[in-house]
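The values are calculated or read from the model by the stated rules, or taken from the named source; none is laboratory data. Remember, it's a predicted structure, so these values are computed and weren't measured experimentally. Counting neighbours? That spans all protein chains shown, and the Cβs are built from the backbone with ideal geometry, glycine included.
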Amino acid sequence: MAEHPAILDGAEPLSAVGDRRGALVIHGFTGCPQSMRPVAEAFAAAGYTVELPRLPGHGTTVEDMAGTGWPDWTAAVEEIYADLAARTDSVVVVGLSMGGALTLHLAAEHPEIAGIVLVNAVAEADDFAPLVEQAKALLSSGERFMTGVSNDVADPDVVELAYPSMRLTSLISLGEATVTLKQRIGTIAQPALVMRSAVDHVVPATSATLLDSRLAGPHELVVLERSFHVATIDHDKDVVIDRALEFADRVSAPKG
């Protein structure tokens with residue numbers, strides 16, 4: 001039996017037992033829980049019962065992503081959501097980048113979710129089509145990896161713990177899944193807080209614009225002026241945390 005590679009220091013998942021309000025916090029593609037740990041810890045400090053999972057193929061080595069894709073990531077968040085929902089009276093889901101796409105998936109599947117927070121979420125499939133086609137061409141030529149999109153952070157003192165390259169098959173799986181996901185955005189009626197960075201070198205502003213125009217429920221769009229893509233550990237991390245907690249307190253079940 002093949003041994004699994006060791007989890008990177010800082011990439012460990014987080015679980016915290018709190019009251020009957022749940023918070024599921026989801027990191028992005030090629031990243032790990034490190035990028036969302038400040039958010040998860042803030043929710044835990046506020047008394048929420050929190051789960052911050054490490055998605056399959058993440059937080060170890062980029063070679064470990066082999067064979068993993070959208071079905072694996074959705075299955076993982078579905079399982080942990082079901083467990084968290086069974087232990088709480090309400091659940092808010094917070095996602096960064098691909099974690100935002102997974103948040104949208106959960107919201108479409110589970111209308112009982114109390115609310116969603118989307119930080120630079122992947123949503124506009126059209127923007128990623130050229131990258132997916134490039135990945136397919138590289139795969140056809142025998143390549144397995146391409147240069148990654150990690151560490152898009154404005155703060156020079158902060159480094160995202162993420163892979164420097166991307167597994168082509170995993171990227172293609174994500175890109176193809178966004179096509180279907182885009183068609184479901186109009187069915188999502190939960191309250192939503194959409195946050196996007198004014199300068200994002202990974203996810204164009206069109207994803208936030210799409211969400212703002214198509215989400216069926218009440219929602220608010222917040223622009224993060226001082227951060228790049230990984231805003232949860234960047235200059236605006238306190239803004240992200242404060243706004244996410246304020247939103248969650250408003251839509252969650254009473255403390256108990």
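Considering only residues that are buried (at least 16 other Cβ atoms within 10 Å of the Cβ), within 19 Å of the chain's Cα centre (by Cα) and part of a loop (DSSP other than H, G, I, E, B), which ones fall in the stretch 9-35?
A11, P13, H27, G28, F29, T30, G31, C32, listed by residue number.
Rundown of residues vs (1) touching a strand residue (DSSP E or B) at 6+ places or on another chain (Cβ under 9 Å); (2) modelled with pLDDT of 95 or more; (3) acidic (D, E), yes/no style:
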{"residue": "A11", "(1), (2), (3)": "no, yes, no"}
{"residue": "G22", "(1), (2), (3)": "yes, yes, no"}
{"residue": "P33", "(1), (2), (3)": "yes, yes, no"}
{"residue": "E41", "(1), (2), (3)": "yes, yes, yes"}
{"residue": "A44", "(1), (2), (3)": "yes, yes, no"}
{"residue": "E78", "(1), (2), (3)": "no, yes, yes"}
{"residue": "A82", "(1), (2), (3)": "no, yes, no"}
{"residue": "T88", "(1), (2), (3)": "yes, yes, no"}
{"residue": "V93", "(1), (2), (3)": "yes, yes, no"}
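Could you check the stretch 220-238 and list, in sequence order, the residues that are closer than 19 Å to P38 by Cβ, surrounded by fewer than 19 Cβ atoms within 10 Å (Cβ to Cβ) and either of a type in the set (S, T, N, Q) or without any contact (Cβ under 8 Å) to a residue 40 or more places away in the chain (or both)?
V222, E225, D238
Pairs needed: first member in the stretch 239-253, at pLDDT 95 or above; second member anywhere, of a type outside the set (A, V, I, L, M); C-beta distance under 6 Å; at least 6 residues apart or different chains.
Note: pairs meeting the criteria are V240/T232; V251/G115; V251/P191; S252/R21; S252/S90.
Which one of S252, S207, S227 is hydroxyl-bearing (S, T, Y) and more than 18 Å from the chain's Cα centre (by Cα)?
Checking each option against the conditions leaves just S252.
Only residues in the stretch 139-157 that are part of a loop (DSSP other than H, G, I, E, B) count as the first member; pair them with residues that are among the polar types (S, T, N, Q), Cβ under 6 angstrom, at least 6 apart or cross-chain, and list the lot.
As it stands, the answer is G148/T30; G148/S165; S150/T30; A154/S227, since those pairs meet every condition given.
Return the residues of the stretch 196-223 that are within 17 Å of I116 (Cβ to Cβ) and touching a strand residue (DSSP E or B) at 6+ places or on another chain (Cβ under 7 Å); say none if nothing qualifies.
R196, A208, L211, D212, L215, G217, H219, E220, L221, V222
In this structure, is V199 crowded, with 23+ Cβ neighbours inside 10 Å and of a type in the set (V, I, T)?
no
In the stretch 36-48, what count of residues is obtained for those that are surrounded by fewer than 21 Cβ atoms within 10 Å (Cβ to Cβ) and either part of a loop (DSSP other than H, G, I, E, B) or not aliphatic (A, V, I, L, M) (or both)?
4
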